[in-house]
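Student: Here it is: the structure, laid out below.
The values are calculated or read from the model by the stated rules, or taken from the named source; none is laboratory data. What you see is a predicted model; the values in this text were computed from it and never measured. Cβ sites come from the backbone with ideal geometry, for glycine too, and all protein chains shown count toward neighbours. With ligands, DNA and RNA removed, areas are computed over all heavy atoms of the protein, side chains included. Shrake-Rupley method; radii C 1.70, N 1.55, O 1.52, S 1.80 Å.
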Amino acid sequence: MPKRGSSTSGINSSVPHKKSKNSQSTNGHYDENTPLNQSSYSTQLSEKGPDLHKNAGSILRISVKNFMCHTFLEFDFNENLNMVIGNNGSGKSAIMNAITLTLGGRATSTSRCSNIGRFIQHGKSMAEISVVLCNQGLEAIDVERFGRSITIIRKFSVKSGSRYIIKNEYGKTVSEKRDMIETIVAHFNIQVDNPMCMLNQDTAKNFLNTKSTKEKYNFFLKATQLQKMVDDLEQNTVEVRNAKLSLTEHLKKRKELQAQQEDLQAQLKFAQSVRDAKSNAENLQGQLEWAEVIKLEHTLADIEKKVVECGFAVEEYTKKRDALIEDTKNEKTKRDELLRKAQEVANTAIEEKRIHDELERRMKTFNKDRRDLLNEVNKFEKELQLQVELKKKLQNKIAEMRRKASGNTDYDRVRQRIEELQVLIAEQRQILSMKENEQANFRQLYDDERQALFDDQTAVKQHEESLRKRRGHIQQLKAAKQDRVTIYGRYTLAILKEIERQAHRFKQLPIGPVGRHIHLIDRKWAVAIEQAIGNIIPSYLCSCREDERVFLEILSRCVPPQDMDYRPSVTVMKFQSTVYQQLRIPPGNFTTILSMLNIDNPTVACFLIDQGRVEQRILMDNYETARRIMEKSAPPNCIAAYLPNGTEMQNLNVFRCYTCKSQGPRYFVEDLGEQIIRGEKECVTIEREILEAKEKLKETQKRVSEHQQTVVSLDETINEIKSKCGRFGKELRELQLIEAPNDSNIDDCENEVAEYETRIETIKERIKDQKAKSEVESPEYRQVLDDLGQARQRVIEKREEAEQCKSALQACDALKENGQRAVNELQRGLDENQRKLEQQEASKKFIETKLETQTQIAQKLCQERPTDEIDVKTVKRSLDTLLKFIETNKNLTLDVDRIDKRLEAATETYHSFNRTVDKQEKLVNKLSKASRYRGQQYKNLLESTAKLTSSCFASFLESRNYTGEAIFDHLEGTLSLEITPRGDELHKDTRSLSGGERSFSTVCFMLALWEVVEMPLRCLDEFDVFMDHVTRRTAMNLVLEVAREKKKQYIFLTPQDLSFLKITDDMRILRMPQPKRTLMQINNDHDSD
């Protein structure tokens, strides 16, 4: 029973959160796209810890935008009592409608309209409503996911319908599905279509006045949630009825299975009677098979005789052929001897011909020398004639000069200066020659030192580059400890991640690096295999040009331009599902690189075959063996051989051998730590070599600088000497232009005449000597002439001996050819007999196989071989008779074992189905019993709930000295309320009550239902509209007393003045703004004043 008591006084009122004046609906400038503020409660709740005493499912806040008459409205609710007060038309019912629609209710549940689009404010295109639910307390749902509050937002527009958004405490969207709304509402037991949860003003006004007794009873079932139990019981009844129908069908099927079992038993008896006939037929069939065996034995004996005859003929042909082949071998030996003799004669003839050619060459040389002497005589004679003519011209000139000669006194000083200048020029030229030689020596030395400097700089750069690469390799090895893929390049990991991120742009994902799909079978070949295919191990494969362009874009993003040396290569090829089958592999037992690789991708295997030619590269352990094989001639289909240390040998027309500079593997590394230590030691060694190379470079630079200074100094000296020589030469040429006295010129001409005479005498002597030499024959010439004749004779004799050897070889070849033809004839005869022998042996083998098979067949049909002679005709007649009998009954005579198995299967099926039917009968009985038990429990619950409701209803009526009761007729499904107001007569029909009495009765009945129904919140709209002041005060105090006792959330909507209420801390009064029409009336009043 509800308690009676007074409330503590206090004030706790609130007004809705409205937008500023510029945002009100009155001016029409509110932005429809502005989102509702949902973060204030998240901020407030984050400052407080979880409270287990909270009312989970209560409403913390409601916000509406462009909804019904509100452009924007926002309320914060108390967790217990909330009074929403406002005049008619201020939009109080919009709050209840917003709660109903946000929590999954349909538009029809509001009793306003059937289309949610009608709730959008006039002139707007969309609306948004939001409710924040408390998720604290013992009945909170999934706190880790939703937090301490759940925000449910419903947006809808005129055209596109509506959608839900569910957010957690921190404003993060959790779901957008209606199913999640239904789950949350069901968990908190919020029933927006239940009048006990949402009592709108139409239901409150007309409940007791318009509803019939049956409607009141249905309302009672729905409010107390007993209607759901009624529906479940009806569903259970239907299921029990269906189970009984299924059981009836199964009983019929069990009878059918029993009849099938009896039919199979009858078939089994008939099949057993027919089996004896089949056994006799099999015995007769066995006798026929044994007769066939005996026939095959006779045939086999005849074939064995033919095999012996063919074998004898083969032996005879073989003996004759071998004898003739031996004779042919003797003739071949004789021919080889003749051939050797002919070769010796040919060699001797070649030597004699060489001697003859040498003598003939010497003879030609002698003849050429003689012709040269005669030509020289002719030349000297022409020279003699020329000298005589010059002598005559010079004598004529002397005579002319004697007549014109005159003196010159200054010519002696000119001659003296000319001689001095000639001496100075000669000295300067000698000095110049010395300086130029010295300059050439120093310049050569300077060039050598510059070359040495260039070599030292190159060595330093090579060492530094080697150190940089070695350090980069060490970094890759260290990174490979974390992810081994980085061993294929410093940017490999970034490339693979980018490929995975851009996977949607590829038709087929690139394959790579290639080394990821390669595994060594024997690690001792790691260096050799890297020497062979190391340049393609870090490369990638693309299936088409489009994928290649995408991959190149990825490379340009992942690999900086300054590190293009580290950019992997890309190959476009069609991806394969299987490895090539037909390969050009070297013959013999050579180990190829392909056989030493375990490749897990067919496309990679085909790529290595196409680009690396791994099937044509062999691996060898021994250097000498590899060099001996590859140096003479490489095996077919072999392009190179490799040793374990990486040494490569090739013989593509020319043998080449390349040593490997690498000390260990780079990609196929097993112990990364050891490789890192070895690399660091190599780095220390390279750094030491760099320091030594730099010291040597400094010394070389110093020497180059010294030699350069010396060369520059010598260049200046040489230029100065050349300048002096130029000045002296110019002066000498000017002095030489001065003409000498005539007497001196005459003397010179006379001296020249004397020289001409001397030359003429010398030429005459030479002509005489050359003629004497050409006419005399030397002994050497005579000896060569005699030897040449003898050599010609010996050459002719050797040619004749060669012709004789050739005739003898032709005779041997003719004998050999005839013998070969005879051998071929014998071989053909031998082959023919061998073919016959093979045919007979094949026939023998076939007959033996057939005999063995036939014997097995006969033994299967009849184990013992008949000793007596078999009459085949009699046996066939008996067998035909039995077979006709079996054929006649073939449709009736089934295999006994198969029928027996079918009978066993049918029996097992019958017993199994019988057990299933028995279980089903028991289950149906249990279901019927459970259904009856549930029905009885429902009746008990219905009666107890009705009694409790009637008792509470009477108790609440007593608060105004009313008497009454709720009368339930469960059989007829009716509910009637009998009420006796204070000082009045009994009213069996509530429609005969006054408006205030009927409203108070409605409140009492509602409070009675509250006592039997538990919900986290309740909302009532204008339930006190027809009450007078005293009734309203009594009803309100009663409702508030019950609400405080229940500790649930209550939202009361009323247009009445509640100033008589005592405001407490657990109560919040929310006043609605004045409606537009009220404001207009106030403004008109002010204007009239």
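Student: Between a first residue in the range 521-546 that is part of a helix (DSSP H, G or I) and a second residue that is open to solvent by 10 Å² or more (accessible area, probe 1.4 Å) and of a type in the set (K, R), which pairs have beta carbons less than 8 Å apart while being 6 or more apart in sequence or on different chains?
Tutor: Short answer, once both residue conditions are applied: E530/R666; A532/R617; G534/R666; E546/K507.
Student: Counting only residues that are assigned to a loop (DSSP other than H, G, I, E, B) and closer than 18 Å to D621 by Cα, which one in the range 639-652 is most open to solvent (accessible area, probe 1.4 Å)?
Tutor: N645
Yes/no matrix, rows are residues, columns are (1) under 20 Å from E648 (Cα atoms); (2) in contact with a Phe, Trp or Tyr (Cβ under 7 Å, 6 or more places away or on another chain); (3) in a helix (DSSP H, G or I); (4) free of Cβ contacts under 8 Å to residues at least 60 places away in the same chain:
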| residue | (1), (2), (3), (4) |
| --- | --- |
| F575 | no, no, no, no |
| T578 | no, no, no, yes |
| N598 | no, no, no, no |
| V604 | no, no, yes, no |
| L608 | yes, no, yes, no |
| E615 | yes, no, yes, yes |
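Student: A follow-up question, please. Which condition number in (1) β-branched (V, I, T); (2) closer than 30 Å to L251 by Cα; (3) modelled with pLDDT under 85 is the one that T916 fails?
Tutor: (3)
Student: Which residue pairs have Cβ atoms closer than 6 Å, lie 6 or more positions apart in sequence or on different chains, and pair a first residue in the range 1056-1075 that is in contact (Cβ under 8 Å) with a residue 24 or more places away in the chain and closer than 19 Å to Q201 by Cβ with a second residue that is among the aromatic types (F, W, Y) and open to solvent by less than 20 Å² (accessible area, probe 1.4 Å)?
Tutor: L1070/F75
Student: Also, I was wondering about something else. Restricting to the range 653-712, what's the tally of residues that are of a type in the set (S, T, Y) and open to solvent by 100 Å² or more (accessible area, probe 1.4 Å)?
Tutor: Qualifying residue count for the region: 1.
Student: Also: Name the one entry in Y933, Y910 that is in a helix (DSSP H, G or I) and surrounded by 13 or more Cβ atoms within 10 Å (Cβ to Cβ).
Tutor: Y910
Student: Can you say whether R516 is free of Cβ contacts under 8 Å to residues at least 60 places away in the same chain, open to solvent by 30 Å² or more (accessible area, probe 1.4 Å) and under 23 Å from Q616 (Cα atoms), as far as the supplied structure shows?
Tutor: yes
Student: From the set of residues in the range 931-990 that are within 30 Å of V240 (Cα to Cα) and of a type in the set (D, E, K, R), which is nearest to the chain's Cα centre (by Cα)?
Tutor: Taking the candidates together, the pick is R934.
Okay, residues lined up against (1) under 30 Å from K696 (Cα atoms); (2) open to solvent by 80 Å² or more (accessible area, probe 1.4 Å):
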site	(1), (2)
R468	yes, yes
R471	yes, yes
I521	no, yes
L541	no, no
E548	no, no
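Student: For the subset of the range 110-133 comprising residues that are assigned to a loop (DSSP other than H, G, I, E, B) and touching a residue at least 12 places away in the same chain (Cβ under 8 Å), which member is least open to solvent (accessible area, probe 1.4 Å)?
Tutor: Residue satisfying both the conditions and the ranking: Q121.
Student: Whether any residue in the range 481-496 is in contact with a strand residue (DSSP E or B) (Cβ under 8 Å, 6 or more places away or on another chain), part of a helix (DSSP H, G or I) and open to solvent by 20 Å² or more (accessible area, probe 1.4 Å) is what I want to check.
Tutor: no
Student: When you look at E699, is it at pLDDT 80 or above and within 57 Å of the chain's Cα centre (by Cα), yes or no?
Tutor: yes
Student: From the set of residues in the range 134-148 that are within 21 Å of R61 (Cβ to Cβ) and not in a loop (DSSP other than H, G, I, E, B), which is nearest to the chain's Cα centre (by Cα)?
Tutor: R145
Student: Residue under question is A107, and the condition is that it be more than 19 Å from I1051 (Cα to Cα), surrounded by 19 or more Cβ atoms within 10 Å (Cβ to Cβ) and at pLDDT below 85; does it hold?
Tutor: Taking the combined requirement at face value, the residue satisfies it.
Student: Here's something else I'd like to know. Touching a helix residue (DSSP H, G or I) at 6+ places or on another chain (Cβ under 7 Å) and either open to solvent by less than 90 Å² (accessible area, probe 1.4 Å) or within 27 Å of R782 (Cβ to Cβ) (or both): is that true of T365 in this structure?
Tutor: No: the conditions fail for T365.
Student: Kindly check whether there is at least one residue in the range 804-825 that is over 30 Å from E337 (Cβ atoms), touching a residue at least 12 places away in the same chain (Cβ under 8 Å), open to solvent by less than 100 Å² (accessible area, probe 1.4 Å) and more than 60 Å from the chain's Cα centre (by Cα).
Tutor: No, the range 804-825 contains no residue that is over 30 Å from E337 (Cβ atoms), touching a residue at least 12 places away in the same chain (Cβ under 8 Å), open to solvent by less than 100 Å² (accessible area, probe 1.4 Å) and more than 60 Å from the chain's Cα centre (by Cα).
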